Structures are given as structure tokens and as C-alpha cells.
Amino acid sequence: MTLEITYNDDTVNAVLSGRLDTANSQLFAVEMQPLMDKADKHIVLDCTDLEFVSSSGLRLLLSLRKQTIAMGGDVTIKNVHPEVMQVFTITGFFSLFKFE
């Protein structure tokens, strides 16, 4: 799992690659701290190269969503593979995020 973050004015872009699963969720929690710190911005998560997301990964994304709501920002998730989108849909997370 890798996370690359770039900043553009009021938008924070993050590219997620690999597998966001239980084995690497602790590392992802640390790596996503800059996103939590900028939760007052528009955060765009590009999932073009995200192969898998587990329940622990969903929990971290939900934490990010909660933080953005509290700080007046928002989260958009884009370029999600059908298999990963199925996880968002089955778990009900599809209704919690904005997707492109």
C-alpha cells in the first residue's frame, strides 16, 4: 500500500495504490495523518491503482470522512475499480462518500 499526497490551493490530492487491508492499515493510518491535518480542505482520493480494501481500510476512510465533516471539508473518491466499488456498495459506504 502506498499513498502519495499533493497539495493544490484548497484541494488535497491523494493517490492510493496497492491493497488497503488489515496487514497494512496501521501504516496507512500513519501515512494518512497529513490528510487528517488538512481535513478543512477538499480531499480527492484517487483509487486508480487501489486493488483491494478491507473493513479496516474502510474504517480509516470513515475516520477521514468524520474529520472532514468536523472541520468543514469534504472527501471525493474517484477512479474506483468495480471490485472495490462493490465493497463500498455492499457495506453501505457508497452513500457516505462522493464518487467520481
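Can you work out ³J(HN,Hα) from phi for every residue in segment 12-28, in order, using Karplus 6.51 cos²θ - 1.76 cosθ + 1.60 and θ = phi - 60°, giving whole Hz and x for Gly and Pro?
10, 9, 10, 9, 9, 9, x, 10, 9, 10, 4, 4, 10, 5, 5, 5, 4
Mind pulling the angle between the C-alpha long axis of helix 55-71 and the longest principal axis of the chain? Nearest 10 degrees, somewhere in 0 to 90.
That helix lies at roughly 20 degrees to the long axis.
To the nearest 10 square angstrom, what accessible area does Ile77 show with a 1.4 Å probe?
Ile77 exposes around 0 Å² with every protein chain in place.
Helix 82-91 sits at what angle to the longest principal axis of the chain, using alpha carbons and giving 0 to 90 degrees rounded to 10?
That works out to roughly 80 degrees.
How much net charge surrounds Met1 when only the other residues with a Cβ under 11 Å from the Cβ of Met1 are counted, with Lys and Arg +1 and Asp and Glu -1?
Result for the neighbourhood of Met1: -3.
When only C-alpha pairs under 8 Å and at least 6 residues apart count, what is the relative contact order of segment 2-99, in percent?
Relative contact order comes out at 28 percent.
Give me, ordered by chain and number, the residues 5 or more places off Glu51 or on other chains with an amide H under 5 Å from its own placed amide H.
For Glu51, whose amide H was placed from the backbone, the distant partners under 5 Å are Gly18, Arg19, Leu20.
In whole Å, what three semi-axes, largest first, describe the equivalent ellipsoid of segment 1-55 built from its Cα gyration tensor (square root of 5 times each eigenvalue)?
20, 12, 8
Ordering Phe28, Phe99, Phe94 from largest to smallest accessible area (1.4 angstrom probe), what's the sequence?
Phe94, Phe99, Phe28
Between (1) 13.8, 47; (2) 12.2, 34; (3) 13.7, 43, which matches Rg and Dmax of the Cα atoms in Å calculated for the structure shown?
Computed from the coordinates, Rg and Dmax of the Cα atoms in Å corresponds to (2).
Please list His81, His42 from largest to smallest accessible area, probe radius 1.4 Å, with all protein chains kept in place. Show your work: numbers first, answer last.
Working: His81 75, His42 50 Å².
Largest accessible area first, the residues go His81, His42.
The values are calculated or read from the model by the stated rules, or taken from the named source; none is laboratory data. As the structure is a prediction and not an experimental result, all values here were calculated from the model. With ideal geometry, Cβ positions are generated from the backbone for all residues, glycine too; neighbour counts draw on all protein chains shown. Side chains included, ligands, DNA and RNA excluded: accessible areas come from the protein's heavy atoms. Shrake-Rupley method; radii C 1.70, N 1.55, O 1.52, S 1.80 Å.
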